[in-house]
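One structure is given below, encoded as structure tokens.
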Amino acid sequence: MPLPYRAAALLPLLFAAACDAEADGGLAFAAATAWPTHSLLPPVEGPRLAVSNSGEDTVSFVDPVSFEEIGRVPVGIFPVELEGAHHLAPTPDGRFLFVGIANTVEPGASAGGPHGSHGTGTADGYLIKIDAVTGRQLGRARVDRSPGDVRLQPGTMRVWQSHYDLVTLAEAEGDYAAAASSVVVTDGATMERIARVEICPSSHGIGFAPDGSQAYVSCGYSDELAIVDTASFEVRIVPVAEDAGTGELFRTRYLPYALTVAPDGLVWVSSTSPLNPGLRVIDPAAGAELPERALPLEGTPLFGDFTADGSRLYLPMQGPDRLVVVDPAAGSILESVELGPLGCENPHAAVLSADESELWVVCEGDRLSRPGSLERFRTEGLTPTGHVELGLFPDDVVLVPEAR
């Protein structure tokens, strides 16, 4: 009998022997437990900082004490494509991290197929769940095109994503209703969708009421703020200023992009239009802007952070690249520091440490070839105390608590 046929004839005998051996407690082909998966991150005690590098599809982990990058892990679905890891949110127990996949890249970067610049991707985005201890991806959920901000609803495992969808905006041809973008709410435990809520066009920044009862979402190209009930998902739309271009696409006067919620519940919205750069303040209870609280600024404000007592707002600006400390009550700037000489180009977000003694600012770099950075400051006197080079186009920084 030829050798191949002999081997084929032996296969049933081998399987039978294996089954008999397994029944007798002997040889078995299947292991009782799977091979362990090694960690992509070194063991570390204490909290870590995580930064999404949207220009290279990675997440950097930084030790806040030594202020060194301790690991950089890949994130995404297709390793050969640049997908745009955009913004991230940690769980309070420090075990998981959620990262948005925007399927967009910056102009001038290598892009093809569904990938375009920020807001112009034509493929749906994703929410990626990462083990914050090992750096391994655990799951994903499909969302709408060009997901923007990623935030965890306080006291829950609900992950909210906005969608800065400029393709739908263009396709609407001036029809406001057809241009509406969405927020998608995902159960971070199961990665199943909880809700998809249509709001206003080109949504981006997300924040929550101090008690978690409402979500606030900025809508850039309609000059609006969406107020969403987190239980019923009912929506109210509020203009960000009395003379806002509300309901008129492409007539925006303020281009609200980022937002920060104060401890007293007021929403501070970043106006990024060159016509009116600054901060607009919205009272959600009244459903209206407080024009007397508006603060004009020289540059474009982005994502800031309030102190727990609400007496200070730490805010990064672009053009000029500057960090400012705002007195919200007085509507004035108390301190500022130029970031360019420190090696920070295009600051995007600022986050306070738990004890508010330190501040971290993530800087985008030139978004194409020069890496971004993370800057550390002592809040007293805005003294710079550290600089870490990161990946390409970092766009968000969060503090990941020590895992428990």
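The values are calculated or read from the model by the stated rules, or taken from the named source; none is laboratory data. Just so it is clear, the model here is predicted, and its values are computed rather than measured. Here the Cβ is made from the backbone with ideal geometry for all residues, glycine too, and neighbour counts use every protein chain on show. Surface areas here come from the heavy atoms of the whole protein model, side chains and all, with no ligands, DNA or RNA. Shrake-Rupley method; radii C 1.70, N 1.55, O 1.52, S 1.80 Å.
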**Study point:** Any pair with Cβ under 6 angstrom, 6 or more apart, that starts in the stretch 317-343 at a residue that is farther than 15 Å from Leu297 by Cβ and ends at one that is assigned to a loop (DSSP other than H, G, I, E, B)
**Key:** Gly340/Asp321
Revision key, fill the gap. The strands (runs of 3 or more DSSP E) lying wholly within the stretch 219-303 that contain at least 1 residues that are modelled with pLDDT of 95 or more and either open to solvent by 10 Å² or more (accessible area, probe 1.4 Å) or over 24 Å from His348 (Cβ atoms) (or both) are 224-229, 235-239, 256-261, 278-283
Check your understanding: Gly212: in a loop (DSSP other than H, G, I, E, B), open to solvent by less than 10 Å² (accessible area, probe 1.4 Å) and at pLDDT 95 or above, yes or no?
Key -> yes
Review point. If you go through the stretch 265-279 one residue at a time, do you hit one that is under 21 Å from the mean Cα position of the chain (by Cα) and over 24 Å from Glu242 (Cβ atoms)?
Key: no
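When you check Pro401 against the structure, is it open to solvent by less than 60 Å² (accessible area, probe 1.4 Å), in contact (Cβ under 8 Å) with a residue 60 or more places away in the chain and farther than 19 Å from Phe67 by Cα, yes or no?
no
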**Study point:** the stretch 29-49 residues that are within 14 Å of Glu402 (Cβ to Cβ), paired with ones that are modelled with pLDDT of 65 or more and of a type in the set (D, E, K, R) (beta carbon under 6 Å, 6 or more apart)
**Key:** Gly46/Glu402; Pro47/Glu402
Review point. If you take the residues in the stretch 364-382 that are surrounded by fewer than 22 Cβ atoms within 10 Å (Cβ to Cβ) and out of contact with any strand residue (DSSP E or B) (no Cβ under 6 Å at 6 or more places or on another chain), which one is modelled with the lowest pLDDT?
Key: Leu368
**Study point:** Output for the stretch 126-167, where each listed residue is under 24 Å from Asp229 (Cβ atoms) and of a type in the set (Val, Ile, Thr)
**Key:** Val143, Val150, Thr156, Val159
Check your understanding: Would you pick out the residues in the stretch 170-196 that are under 27 Å from Thr156 (Cα atoms), open to solvent by less than 10 Å² (accessible area, probe 1.4 Å) and not polar (S, T, N, Q)?
Key -> Val183, Val184, Val185, Gly188
Point to revise | Breaking point among (1) of a type outside the set (Asp, Glu); (2) modelled with pLDDT under 95; (3) part of a strand (DSSP E or B), for Gly112 | key: (3)
Revision key, fill the gap. Those residues of the stretch 136-158 which are closer than 16 Å to Glu198 by Cα and surrounded by 23 or more Cβ atoms within 10 Å (Cβ to Cβ) amount to Val143, Arg145, Ser146, Pro147, Gly148, Asp149
